[in-house]
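A.B. asks: There's a structure below that I have some questions on.
Read-outs throughout are calculated quantities, based only on the coordinates presented, and are distinct from any laboratory measurement. Source: prediction; values computed, not measured. Note: ideal-geometry Cβ built from the backbone for every residue, glycine included; neighbour counts use all protein chains shown.
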Amino acid sequence: MTFDVHDDAGSGAETVLLSAGLGGAAGYWTPQLAALKARYRVIAYDQAGTGRAKRELPEDHSIQAMADEVLGILDETKTESCHFVGHALGGLVGLDIARRRPLKHAGPAAYVRAQPIFLYPAMWLAQNAERAKSEDAHGLAHFQGADTLRRRIAALLQFDATPDLAGLRLPVFIVGSRDDVLVPATKSEELAAAIPGAKLHLADWGGHGINVTVPDTFNKLLLDFLGRHATARA
């Protein structure tokens with residue numbers, strides 16, 4: 001592991017760990033270092049196979065292996081907790097760490113406040129700050145509990161209907177957006193292609209919560225689809 005620890009902020013400063021994208025090198029974060037070092041203890045590292053850590057990687061190299069690398073750095077630097085800043089691929093590394101240790105250290109408040117980042121485009125959040133704040137308060141007041149959430153996430157990750165999709169015989173309409181950062185649009189395309197006769201609509205903008213960000217458009221699509229497929233009446 002090749003990493004740099006910047007202790008300019010002095011004893012007691014919180015730690016920020018920087019994880020670069022596909023390039024992998026710590027140097028990617030040079031434009032941020034001066035500003036961060038003034039307040040935080042900063043850890044930047046060259047990901048395995050890149051920069052000063054250049055070497056041949058195994059064929060089965062994975063995001064999980066990259067997350068293990070970060071956890072090893074945190075152990076070696078005796079860092080019990082940190083702020084994680086990831087760019088592109090580096091963000092996926094952070095997601096894998098969070099997935100393994102959900103809410104264990106951050107707590108419900110941090111989890112709830114992170115949700116809008118994955119649900120909505122940045123521009124929508126900027127224009128709807130008060131609504132996002134209200135959603136945060138509601139989410140925290142009605143938080144389902146860490147154990148319940150972990151089990152529901154585990155159930156989600158374990159479920160795979162892929163083998164049965166080709167046998168489905170019912171009207172299916174899949175709506176998504178191309179700027180969804182939580183579930184890539186390609187997944188919606190794959191799902192639509194796997195279900196015979198499925199209809200797909202991918203908006204250029206709207207994020208994961210497209211029914212919230214562009215409700216008028218979403219509602220029209222939904223009502224049009226429902227209107228074309230009346231249910232049988234007794």
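A.B. asks: In whole percent, what relative contact order does segment 2-101 give with Cα contacts below 8 Å and a gap of six or more residues?
C.D. replies: 36
A.B. asks: Given a Förster distance of 30 Å, report the FRET efficiency between L57 and H87 from their Cβ-Cβ distance, rounded to the nearest 0.05.
C.D. replies: Step by step, r from the Cβ atoms, then E = 0.95.
A.B. asks: Determine the relative contact order of segment 39-163: mean sequence separation of Cα pairs under 8 Å and six or more apart, normalised by residue count, in whole percent.
C.D. replies: It comes to 16 percent, rounded to a whole number.
A.B. asks: Name the longest site-free stretch of the chain, where the excluded sites are GluC sites (Glu not before Pro) in a DSSP loop with no more than 15 other beta-carbon atoms within 10 Å.
C.D. replies: For GluC sites (Glu not before Pro) (loop position, at most 15 other Cβ atoms within 10 Å), the longest site-free span of the chain is 81-234.
A.B. asks: Which whole-number percent gives the relative contact order of the chain, counting Cα pairs below 8 Å spaced six or more residues apart?
C.D. replies: Averaging sequence separation for qualifying contacts and normalising by length gives 15 percent for the chain.
A.B. asks: Also, quick follow-up: Could you pull out every residue, at least 5 positions away or on a different chain, whose amide H is within less than 5 Å of the one on I174? Hs are placed 1.01 Å off N in the peptide plane, and Pro or chain starts have none.
C.D. replies: When sequence neighbours closer than 5 places are left aside, the close amide H contacts are K199, L200, H201.
A.B. asks: Counting Lys +1, Arg +1, Asp -1, Glu -1, what net charge surrounds S62 among other residues with beta carbon under 14 Å of its beta carbon?
C.D. replies: Value of the local net charge: -3.
A.B. asks: Which is the longest stretch in the chain that no exposed loop site breaks, taking sites as trypsin sites (Lys or Arg not before Pro) with a DSSP loop state and at most 11 other Cβ atoms within 10 Å?
C.D. replies: After excluding every exposed loop site, the longest remaining stretch is 105-168.
A.B. asks: For F225 and A13, FRET efficiency with R0 = 41 Å and r from the beta-carbon atoms, rounded to 0.05?
C.D. replies: Working from the Cβ atoms, E equals 0.15.
A.B. asks: May I ask you to sort I210, I63, I153, I195 by Cβ crowding, counting other Cβ atoms within 10 Å and putting the fewest first?
C.D. replies: Result, fewest neighbours first: I153, I63, I195, I210.
A.B. asks: Helix-only estimate, please: 222 nm mean residue ellipticity of the chain, summing -39500 (n - 2.57) across DSSP H runs of length 4 or more and dividing by its residues, to the nearest 500.
C.D. replies: -13500 deg cm²/dmol
A.B. asks: Using the 10 angstrom Cβ neighbour count as an exposure proxy, how do H229, H208, H6 rank, fewest first?
C.D. replies: Fewest-to-most ranking of H229, H208, H6: H229, H6, H208.
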